[in-house]
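Shown next, in structure tokens, is the structure this report addresses.
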Amino acid sequence: MTPQPPKIQLTNAPDYRETYANSVQIRVNLWDFFLLFGLVTQTAADEVSIRNFQGIYLSPQQAKALLNVLQQNVSQYEQTFGEIRLEPPPGGKTVQ
């Protein structure tokens, strides 16, 4: 008899929120990965502003698990909608 997987119950904490981020900075040390999420806005033709709003620490194991999940989901997205290009379209902005 194979063991049944555990039932997973998802709940949101009282301070749960969803926010759009178009900037993620990553810092790494021996013990963890730190992801710093923010919002990039162009304030002038030669000036960009980044307003950071959330930092998340991950263990190296969770960072690798996140990498795997993102790779799977990006592959599925591209199979459905086409390649995600990081180069700007003509007249567009670069994604970094």
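Computed from the coordinates by the stated procedures, all read-outs in this text should not be read as laboratory data. Remember, it's a predicted structure, so these values are computed and weren't measured experimentally. Methodologically, a virtual Cβ is constructed for each residue, glycine included, from the backbone with ideal geometry; neighbour enumeration extends over all protein chains shown.
Observations, loosely collected:
- One chain, two ends: SER59 and GLU18. Fully extended at 0.36 nm per residue, the span grows by 12.6 nm beyond their Cα-Cα distance.
- Among 78-87, 63-72, the order from most to least packed when residues are scored by Cβ within 10 Å on average: 63-72, 78-87
- Choice from VAL48, VAL28, VAL40 with maximal GNM fluctuation in the chain (Cα, 10 Å cutoff): VAL48
- The phi torsions of segment 6-22, fed into the Karplus equation with coefficients 6.51, -1.76 and 1.60 and a -60° offset, translate into couplings of x, 6, 10, 10, 9, 9, 9, 5, x, 9, 4, 8, 10, 9, 7, 10, 10 Hz, rounded to whole numbers, with Gly and Pro shown as x.
- Its alpha carbons considered, segment 23-81 gives a radius of gyration followed by a Dmax of 15.0, 41 Å.
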